[in-house]
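S.K.: Take this structure first; my questions come after.
The values are calculated or read from the model by the stated rules, or taken from the named source; none is laboratory data. Only a predicted model underlies this, so the values are computations on that prediction, with no experimental measurement involved. Glycine gets a Cβ as well: all are built from the backbone with ideal geometry, and neighbour counts include every protein chain shown.
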Amino acid sequence: MNYSKYITLLAFLLFSSACSKEFLEIVPQDRTTPENFYNSESNIRASTAAMYSLPWFDFNANLFWLAGDLMAGNLYYTYDQQGQFMFNTFNSGNAHLLNGYKSLYRVVAYANSIITDVPDIAPGFGVSEEVINAALGEARFMRAAAYFFIAEYWGEAPIIENSKDLIASNEVLLPKNFRTDLYEFMRRDLEFAAANLPETDEPGRVTSWAAKGLLAKLHLTMASDLDDADSAANFTKAKELAADVIENSGLSLMPNYADLFKIPNNNSGESLFALQWIEGSYGTGNNRQAQWARSSRITGITEAWGGGISATYDLIQAVEEGDKRRSAIYMTAGDFYPEMNTDEGGYLYEIAYRDPGNPDVILEFAAPVLNNTKKYIVGSFEDTNGGVTTNQATRLNSYVLRLADVYLIYAEATLGAAESTSDAQALDYVNTIRDRAGLEPLSSLTFLDILRERRVEFALEQQYWFDIKRYYYRAPQEALAMLNAQQRAYTYQMDWNNIPNPDPTNIDHYILVPPETPVTFSESQIFLPLPAAEVVSNPLLAQEAERYDFQ
């Protein structure tokens, strides 16, 4: 999809879907209204295309990776309120909690505007039922995706099904609903999406296969509470849905793992759902490189603030020897990337990099764990044929659901509540992923085998916290023990005690140092606190959750 033409449109639609009673009373004369916009297939398609980027920006910019990888123990970073997620010391006043929460509900509000307005307006202009239902399928998919994050981060939160009715009723303050109600709300949305989205569409748009894949993940999550009476049925449903996607979608894994994270391969045959970005203005592009890139030697501009971000020692220990995915996840001494820093013949990672013209000057300092992130780092404007610009914007998609995820959903659902499985099909799917990584096949699978495979396959794609959560649902104490045993805060420091003048560019002059105080988690910290500002503005959020009244 070409997103640049939808940015102005999106600003309007976000405005119109916000919980503002004034919008219902006075429509600004210089803005398009839903009544004269949802009047053709092309306009409706434009409105749904806008859901794939800007509403998600504030979530993707921080909370997605702060919770998904920093809090989960995959990334080391200590700066300010972001670093609080690594140390598990944040509270409800953390700004990134609020921004992420508001962004996800912005997605919900935007989806709701399409869900409520399109069926009322479009038929009057002769738009077909098929087009209308496909648009509703996209919107309900997006709403379900947002609620998946809301449910897994906060557990209990308000369900907003119809923003317009709420405003009209003047009841804009809603209570929290139970996590199980959020799951049911998602299930209904995704089943509608699966039934009404097309099997194929223009690159980047979600299809019925994406809806079935996310629905499989939802059923797997619900099944993970092994004490629930419906656990076995949910495992079965997750397996059936995953099998349908794998066998019938026509999608396939990319041969080379590293190629997944290159701009020319956006919307490849492995992608089921990805946030779509364009370079240019702030808020329309993927800002991950600006936050994670080691230095301006890589980006070609000053937006490179990731010198202090490393893969944790704990993640490094999870990566098997010879795993081809490693260098696509993080960079360490001796790694060479010909696609970056092309004007100098490529980028060679050194522990610390001295200025060739003045060796006394270090241009790139050693990172805390002697590595820096590679995933979502693509290089400069010149390296990417214009795919990187200022304003923290690259054109690289942000994956939310890949086919490899569905392979591993199938395996985990097949395992179910058992201790292990030797199911041939489950093993085949796991070993297909391992074969791409250059690893030996497994002959049986346990939950921890699958968890480790997922951790590495989706490292730095913000998925690991959800995997930990499923572990917690099935075995709370074991999951907490695993979290509390992580070596997430280990760092490398120069060995001043044994080497008189250690060289910062020499990896042998560093020693591994454990933290003075380990990072710990308790049961009360498995769900994030609701943002304090939201609780102040809506006191009902401080009360007990209520059951949602499904109509």
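S.K.: Would you confirm whether or not segment 487-494 contains a residue that is surrounded by 14 or more Cβ atoms within 10 Å (Cβ to Cβ), under 24 Å from Ala95 (Cα atoms) and not aromatic (Phe, Trp, Tyr)?
M.R.: Yes; the residues of segment 487-494 include at least one that is surrounded by 14 or more Cβ atoms within 10 Å (Cβ to Cβ), under 24 Å from Ala95 (Cα atoms) and not aromatic (Phe, Trp, Tyr).
S.K.: Sticking with this structure for a sec: Tell me yes or no: at least one residue of segment 292-299 is within 22 Å of Asn99 (Cα to Cα) and either in contact (Cβ under 8 Å) with a residue 60 or more places away in the chain or not assigned by TED's automatic domain parsing to the domain that holds Leu54 (or both).
M.R.: Checked segment 292-299: at least one residue is within 22 Å of Asn99 (Cα to Cα) and either in contact (Cβ under 8 Å) with a residue 60 or more places away in the chain or not assigned by TED's automatic domain parsing to the domain that holds Leu54 (or both).
S.K.: Restricting to segment 495-530, and then to whatever is farther than 21 Å from Ala367 by Cα and among the β-branched types (Val, Ile, Thr), can you tell me which residue is surrounded by the fewest Cβ atoms within 10 Å (Cβ to Cβ)?
M.R.: Among those residues, the one meeting the criterion is Thr520.
S.K.: Specify which of the listed residues (Asn91, Asn43) is of a type in the set (S, T, N, Q) and in a helix (DSSP H, G or I). Talk me through it step by step, then tell me what you get.
M.R.: Working: Asn91 fails: in a helix (DSSP H, G or I).
Asn43 is the lone residue from the list that is of a type in the set (S, T, N, Q) and in a helix (DSSP H, G or I).
S.K.: Sticking with this one: So, in segment 496-526, of the ones that are touching a residue at least 12 places away in the same chain (Cβ under 8 Å) and in contact with a helix residue (DSSP H, G or I) (Cβ under 6 Å, 6 or more places away or on another chain), which residue ends up farthest from Gly73 (Cα to Cα)?
M.R.: Ile526
S.K.: Something else about it: It is to be established whether one or more residues within segment 89-103 are among the polar types (S, T, N, Q), out of contact with any strand residue (DSSP E or B) (no Cβ under 6 Å at 6 or more places or on another chain) and under 30 Å from Arg452 (Cβ atoms).
M.R.: yes
S.K.: OK, next. Asn94 - would you say it is assigned by TED's automatic domain parsing to the domain that holds Tyr183, closer than 30 Å to Ala366 by Cα and either surrounded by fewer than 18 Cβ atoms within 10 Å (Cβ to Cβ) or out of contact with any helix residue (DSSP H, G or I) (no Cβ under 6 Å at 6 or more places or on another chain) (or both)?
M.R.: It is false that Asn94 is assigned by TED's automatic domain parsing to the domain that holds Tyr183, closer than 30 Å to Ala366 by Cα and either surrounded by fewer than 18 Cβ atoms within 10 Å (Cβ to Cβ) or out of contact with any helix residue (DSSP H, G or I) (no Cβ under 6 Å at 6 or more places or on another chain) (or both).
S.K.: Right, another one. Give the residue that is surrounded by the fewest Cβ atoms within 10 Å (Cβ to Cβ), with candidates limited to residues of segment 234-276 that are basic (Lys, Arg) and within 22 Å of Glu184 (Cα to Cα).
M.R.: Among them, the one singled out is Lys237.
S.K.: Just for segment 431-455: of the residues that are closer than 29 Å to Asn286 by Cα and not aliphatic (A, V, I, L, M), which one is surrounded by the fewest Cβ atoms within 10 Å (Cβ to Cβ)?
M.R.: Across segment 431-455, the extreme among qualifying residues is Arg452.
S.K.: Which residues, taken from segment 401-425, are farther than 23 Å from Ser208 by Cβ and among the aliphatic types (A, V, I, L, M)?
M.R.: Answer for segment 401-425, where residues must be farther than 23 Å from Ser208 by Cβ and among the aliphatic types (A, V, I, L, M): Leu415, Ala417, Ala418, Ala424.
S.K.: Of all residues in segment 325-350, count the ones that are among the small types (Gly, Ala, Ser) and more than 14 Å from Ile507 (Cβ to Cβ).
M.R.: Number of matching residues: 4.
Yes/no per residue for (1) over 29 Å from Ser524 (Cα atoms); (2) buried (at least 23 other Cβ atoms within 10 Å of the Cβ); (3) free of Cβ contacts under 8 Å to residues at least 40 places away in the same chain:
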| site | (1), (2), (3) |
| --- | --- |
| Asn99 | no, no, no |
| Ile114 | yes, yes, no |
| Ile121 | yes, no, no |
| Val127 | yes, no, no |
| Ile132 | yes, no, no |
| Glu152 | no, no, no |
| Asn162 | yes, no, no |
| Ala168 | yes, no, no |
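S.K.: Of the residues in segment 347-366, how many are in a loop (DSSP other than H, G, I, E, B) and under 23 Å from Ala437 (Cβ atoms)?
M.R.: The total comes to 1.
Rundown of residues vs (1) touching a residue at least 24 places away in the same chain (Cβ under 8 Å); (2) surrounded by fewer than 20 Cβ atoms within 10 Å (Cβ to Cβ); (3) among the charged types (D, E, K, R); (4) within 25 Å of Gly155 (Cα to Cα), yes/no style:
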{"residue": "Gly379", "(1), (2), (3), (4)": "yes, no, no, no"}
{"residue": "Tyr410", "(1), (2), (3), (4)": "yes, no, no, yes"}
{"residue": "Tyr429", "(1), (2), (3), (4)": "yes, no, no, no"}
{"residue": "Glu457", "(1), (2), (3), (4)": "yes, no, yes, no"}
{"residue": "Gln462", "(1), (2), (3), (4)": "yes, no, no, yes"}
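S.K.: Quick check on my filter: what residues within segment 455-482 are under 15 Å from the mean Cα position of the chain (by Cα) and among the polar types (S, T, N, Q)?
M.R.: Gln462, Gln463
S.K.: Could you list all residues from segment 432-458 that are among the polar types (S, T, N, Q) and more than 21 Å from Ser252 (Cα to Cα)?
M.R.: Result: Ser443, Ser444, Thr446.
S.K.: Somewhere in segment 351-366, is a residue buried (at least 16 other Cβ atoms within 10 Å of the Cβ), closer than 23 Å to Asp508 by Cβ, free of Cβ contacts under 8 Å to residues at least 60 places away in the same chain and among the β-branched types (Val, Ile, Thr)?
M.R.: The answer is no; no qualifying residue exists.
S.K.: Let me ask another. Test Ile329 against the stated conditions and say whether it is at pLDDT 95 or above and within 30 Å of Thr432 (Cα to Cα).
M.R.: Values: at pLDDT 95 or above: yes; within 30 Å of Thr432 (Cα to Cα): yes.
Spelling it out, Ile329 is indeed at pLDDT 95 or above and within 30 Å of Thr432 (Cα to Cα).
S.K.: Related question: Return yes or no: is Gly307 in contact with an Asp or Glu (Cβ under 8 Å, 6 or more places away or on another chain) and surrounded by 17 or more Cβ atoms within 10 Å (Cβ to Cβ)?
M.R.: no
S.K.: Which residue pairs have Cβ atoms closer than 7 Å, lie 6 or more positions apart in sequence or on different chains, and pair a first residue in segment 211-228 that is farther than 17 Å from Leu403 by Cα with a second residue that is of a type in the set (S, T, N, Q) and assigned to a helix (DSSP H, G or I)?
M.R.: Met222/Asn234; Ala223/Ser231; Ala223/Asn234; Asp225/Ser231
S.K.: Take Val388 and decide whether it is buried (at least 20 other Cβ atoms within 10 Å of the Cβ), over 30 Å from Asp244 (Cβ atoms) and under 21 Å from the mean Cα position of the chain (by Cα).
M.R.: yes
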